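The values are calculated or read from the model by the stated rules, or taken from the named source; none is laboratory data. Only a predicted model underlies this, so the values are computations on that prediction, with no experimental measurement involved. Note that we place each Cβ from the backbone using ideal geometry, even for glycine, and neighbour counts take in every protein chain shown. With ligands, DNA and RNA removed, areas are computed over all heavy atoms of the protein, side chains included. Shrake-Rupley method; radii C 1.70, N 1.55, O 1.52, S 1.80 Å.
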Amino acid sequence: MNISWKTYFKGMIMGAADVVPGVSGGTMALILGIYEKLLNAIADVNPRHPIKTISWSFFIPLGLGIITSILLLSRVIHLALEQYSGPTFAFFFGLIAVSGYILFRKLRRKGPVEAVALLIGAICAYLFVGLNPIDGIHTMPVIFFSGMIAIMAMILPGISGSFLLLFLGQYEHILSAIKDMQLTTLIVFAAGCLIGLFSFAHILKRLLASYESLTLAFLIGVIIGSLRLAVREIQAADTSFMLVVIFAILGFLAVLGLEQLATDSHVSSPDKIRGAK
């Protein structure tokens, strides 16, 4: 089997997004033109015959890219959040904001119903981000459940699985487990991710097939509302305004550059998701 290096590098970009609280790997997959393929590949897996129905030529390079990025960046992001939280969250702000802009540009319908869905999504995310994180309880059942919840968010454009882990009080614990290779914790977390991934993909596929514009509009609203997290952390860090602007622009340009690199034009638009019934 030939490894697709293009898919591998797109997996690395998704993995980098998944490590960052507030940035969605699903958003990156949509921007890079592999979202429909990813969703279909997950939903097409038959639990009774997984070996035969898994698209190995797609999942192996994508999974390797995601794992590589997570392993490489876990220490870097942990250090950046501890020592340079202001510029780091300013960069995240740029990433999140431009992701919302790109998804809005791809939205097929922009009517009053979509506007209401967007507003509801923004309000829900804004209120959710304002909640105080749950104190971390790191038992194996909690870690398993957290994996299920996080992976569901990670395949949704606009919702950050890492942020949900942060809210559940598990983000730093899982990040430390990755850095220190705590295998028991990682295996339990991965098992929760697998179950959540394959159970939720079918639901999401139907939503995007039947209510594409409404679903995407709601998710764009979620992206807008989630900017509250980055703004709050920037204010808490008391970073200079000029530095915030510079790093926000860098984040903005980074995502625009990734969009330009997307060459799978036949799957780069959410319009194509409608056919995945």
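Quick rundown of the values:
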| item | result |
| --- | --- |
| Selection from the stretch 230-244 of residues that are of a type in the set (A, V, I, L, M), without any contact (Cβ under 8 Å) to a residue 24 or more places away in the chain and closer than 26 Å to Leu127 by Cα | none |
| Which numbered condition Ser55 fails, given (1) touching a residue at least 40 places away in the same chain (Cβ under 8 Å); (2) farther than 23 Å from Thr239 by Cβ | (1) |
| Residue match in the stretch 193-209 (condition: closer than 22 Å to Thr68 by Cα, part of a loop (DSSP other than H, G, I, E, B) and not basic (Lys, Arg)) | no |
| Hey, Gly33 closer than 28 Å to His202 by Cβ and touching an Asp or Glu at 6+ places or on another chain (Cβ under 6 Å) or not | yes |
| Scope the stretch 203-257; condition under 18 Å from Ile155 (Cα atoms) and among the β-branched types (Val, Ile, Thr); matching residues | Ile203, Thr215, Ile220, Val222, Ile223, Ile224, Val255 |
| All helices (runs of 4 or more DSSP H) inside the stretch 8-119 with 2 or more residues being open to solvent by 40 Å² or more (accessible area, probe 1.4 Å) and modelled with pLDDT under 85 | 50-53, 56-83, 85-106 |
| Qualifying residue in the stretch 131-142 (condition: within 16 Å of the chain's Cα centre (by Cα) and either in a helix (DSSP H, G or I) or within 27 Å of Ala254 (Cβ to Cβ) (or both)) | no |
| Count of residues meeting criterion [surrounded by fewer than 20 Cβ atoms within 10 Å (Cβ to Cβ), among the hydrophobic types (A, V, I, L, M, F, W, C), free of Cβ contacts under 8 Å to residues at least 40 places away in the same chain and part of a helix (DSSP H, G or I)] in the stretch 168-192 | 3 |
